[in-house]
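Taking it in order: structure first as structure tokens, then the write-up.
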Amino acid sequence: MSTHATISAGGSAGAVLTIDLAAIAANYQILRERLPTATASAVVKADAYGLGAMKVAPALYAAGCRHFFVAHLEEALTLRPLLPTDAELFVLHGPLPGTEAEFVAEGVIPVLNSLAQVQGWGALAAARGRMLPAFLQVDTGMARLGLAADELAVLAAAPERLAGIELRYVMSHLACAEVQDHPANAAQLDRFNQARALLPPAPASLANSSGIFLGPAYHFDLVRPGAALYGVAPVAGVANPMRPVIRLQGRVIQLRGVAPGTPVGYGATWRADGSPRRIATVAVGYADGFLRSLGNRGTAYVDEWALPVVGMVSMDTITLDASAVPAERLTPGSLVDLIGPANPVDMLAGEAQTIGYEILTNLGHRYARHYIGG
Ligand SMILES: *Cc1c(COP(=O)(O)O)cnc(C)c1O
């Protein structure tokens with residue numbers, strides 16, 4: 001990712017967010033290469049994890065992706081006109097009662113998560129006198145979405161409840177896949193295979209990003225990566241095989257020297273001690289998704305120099321201890337890496353005591369967004 005292209009961009013914004021669409025396409029290929037036979041979809045819910053689904057989904061289509069998942073019907077309706085007709089859009093939450101006809105009208109395919117959703121979709125198929133496609137989700141150990149064991153038993157005993165429904169895939173979702181040796185993974189795989197045996201034969205889908213790295217037994221016919229496409233590490237505790245996708249550069253708006261004992265920020269939670277320090281105020285705050293938990297914890301970078309966040313995160317600003325950086329390297333208007341080559345998204349997430357997913361989906365809308373590699 002080139003620095004020079006971005007320095008000049010967004011000169012009036014408090015920060016520049018560079019999103020590398022070529023890196024997303026490369027990550028799609030990296031995941032595909034791990035699949036002996038399965039197809040790779042892309043999960044582009046929540047505005048492609050905050051990166052901009054309107055740009056990201058067409059870039060993934062160009063990379064060969066034809067299956068896209070979103071959470072809400074609304075998200076699918078936004079994307080539908082941007083993707084060619086051979087791209088399929090699947091809605092993870094399924095139809096809210098009364099919205100079934102809108103799915104059909106817009107050519108969007110639901111994931112059916114309950115007997116009630118199966119019933120609603122089947123009723124519309126009967127009314128239209130034709131088969132309607134859908135995913136059927138079974139819960140295998142997350143108790144979030146999908147048919148519970150008792151609902152599955154009802155369906156197994158009365159398969160006519162699926163009349164009119166073209167079962168595109170039977171799916172489930174893993175709860176602990178990023179921890180490779182977690183016993184829940186094998187338990188969910190077993191339950192998924194048992195559930196499939198109770199249902200009419202259909203292709204299957206189980207793995208999210210992390211699930212892909214659990215090996216071919218977890219791949220089935222379609223995998224559903226999200227986070228890994230966007231550069232988040234899919235496997236806990238090992239080097240991240242994915243390419244970094246974003247760089248977030250905050251702009252310095254003021255520099256000051258502070259004497260020992262000087263409190264910095266709300267609540268006076270940090271004081272320069274021992275020696276005078278140089279404080280850089282950067283125009284990014286919690287209103288931009290720079291989480292408040294990063295107060296006195298986060299680290300920004302200028303080249304190889306680490307600049308610790310000192311004091312609390314304000315709504316529109318953070319304060320960094322820039323004492324280590326040569327004075328001429330940092331002046332008002334300079335950019336510092338809040339997420340970059342030295343501090344990838346997972347590192348910032350660790351400092352914030354959260355996960356990369358939450359960092360990405362909180363990325364602010366005051367940033368000058370700069371797409372490269374498209
Ligand atoms: C969000 C989601 C995914 C993608 O998960 P990642 O961990 O981001 O790869 C896949 N399947 C379902 C059902 C999801 O809700």
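The values are calculated or read from the model by the stated rules, or taken from the named source; none is laboratory data. Nothing here was measured: the structure is a model prediction, and the numbers come from that model. In this analysis, Cβ positions are derived from the backbone assuming ideal geometry, glycine residues included, and neighbour counts consider all displayed protein chains.
Would you check if Gln119 is away from the ligand (no atom under 16 Å from the Cβ), out of contact with any strand residue (DSSP E or B) (no Cβ under 7 Å at 6 or more places or on another chain), modelled with pLDDT of 95 or more and not small (Gly, Ala, Ser)? It is true that Gln119 is away from the ligand (no atom under 16 Å from the Cβ), out of contact with any strand residue (DSSP E or B) (no Cβ under 7 Å at 6 or more places or on another chain), modelled with pLDDT of 95 or more and not small (Gly, Ala, Ser).
Among the residues of the range 227-246, is there at least one that is modelled with pLDDT of 95 or more, under 29 Å from Ala42 (Cα atoms) and among the hydroxyl-bearing types (Ser, Thr, Tyr)? Looking through the range 227-246, at least one residue is modelled with pLDDT of 95 or more, under 29 Å from Ala42 (Cα atoms) and among the hydroxyl-bearing types (Ser, Thr, Tyr). Of all residues in the range 157-181, those that are of a type outside the set (A, V, I, L, M) have Cβ atoms under 6 Å from Cβ atoms of residues that are within 13 Å of the ligand (Cβ to nearest atom) and modelled with pLDDT under 95, 6 or more apart or on another chain, in Glu178/Ala236.
Residues in the range 82-96 include at least one that is within 24 Å of Ala195 (Cα to Cα), within 16 Å of the ligand (Cβ to nearest atom) and either in contact with a Lys or Arg (Cβ under 6 Å, 6 or more places away or on another chain) or not in a loop (DSSP other than H, G, I, E, B) (or both). Considering Ala59, Ala15, Ala42, Ala48, the condition of being surrounded by 22 or more Cβ atoms within 10 Å (Cβ to Cβ) and in contact with an Asp or Glu (Cβ under 7 Å, 6 or more places away or on another chain) is satisfied by Ala15 alone. Filtering Ala272, Ala268 for residues that are closer than 15 Å to Gly311 by Cα, among the small types (Gly, Ala, Ser) and in contact with a strand residue (DSSP E or B) (Cβ under 9 Å, 6 or more places away or on another chain) leaves a single hit, Ala272. Quick check on the range 18-39: of everything there that is in contact (Cβ under 8 Å) with a residue 40 or more places away in the chain and charged (D, E, K, R), which residue is surrounded by the most Cβ atoms within 10 Å (Cβ to Cβ)? Per the criteria, the residue is Asp20.
Among the residues examined, Phe68 does not qualify as buried (at least 19 other Cβ atoms within 10 Å of the Cβ), more than 19 Å from the chain's Cα centre (by Cα) and among the hydrophobic types (A, V, I, L, M, F, W, C).
Within the range 45-66, can one find any residue that is modelled with pLDDT of 95 or more, within 14 Å of the ligand (Cβ to nearest atom) and of a type in the set (Lys, Arg)? Yes - at least one qualifying residue is present in the range 45-66. Consider the range 234-260 and keep the residues that are within 26 Å of Gly364 (Cα to Cα) and of a type in the set (Val, Ile, Thr). The one that is nearest to the ligand (Cβ to nearest atom) is Val245. For Ala186, are the conditions met, namely being surrounded by fewer than 16 Cβ atoms within 10 Å (Cβ to Cβ), away from the ligand (no atom under 13 Å from the Cβ) and among the aliphatic types (A, V, I, L, M)? Yes.
Take the range 23-76 and flag every residue that is β-branched (Val, Ile, Thr) and in a helix (DSSP H, G or I). Result: Ile24, Ile30, Val56. For the range 148-163, filtering for residues that are surrounded by fewer than 19 Cβ atoms within 10 Å (Cβ to Cβ) and touching a helix residue (DSSP H, G or I) at 6+ places or on another chain (Cβ under 7 Å) leaves 5. When Gly226, Gly231, Gly211 are screened for being within 24 Å of Val70 (Cβ to Cβ), more than 11 Å from the ligand (Cβ to nearest atom), under 19 Å from the mean Cα position of the chain (by Cα) and surrounded by 16 or more Cβ atoms within 10 Å (Cβ to Cβ), only Gly231 passes. Of the strands (runs of 3 or more DSSP E) that lie entirely inside the range 282-374, those containing 1 or more residues that are touching a residue at least 40 places away in the same chain (Cβ under 8 Å) span 299-302, 318-321, 335-339, 368-372.
For residues in the range 150-180 being of a type in the set (A, V, I, L, M, F, W, C) and under 29 Å from the mean Cα position of the chain (by Cα), which is farthest from the ligand (Cβ to nearest atom)? Only one residue tops the list, namely Leu167. Identify the residue in the range 189-208 that is within 26 Å of Tyr49 (Cβ to Cβ) and aliphatic (A, V, I, L, M) and, among all such residues, is farthest from the ligand (Cβ to nearest atom). This residue is Leu189.
I want to confirm something. Restricting to the range 128-149 and keeping residues that are aliphatic (A, V, I, L, M) and within 21 Å of Gly226 (Cα to Cα), which single residue is nearest to the ligand (Cβ to nearest atom)? So the residue we want is Leu145. Reported count of residues in the range 298-338, each being acidic (Asp, Glu), buried (at least 16 other Cβ atoms within 10 Å of the Cβ) and under 18 Å from Arg256 (Cβ atoms), is 2.
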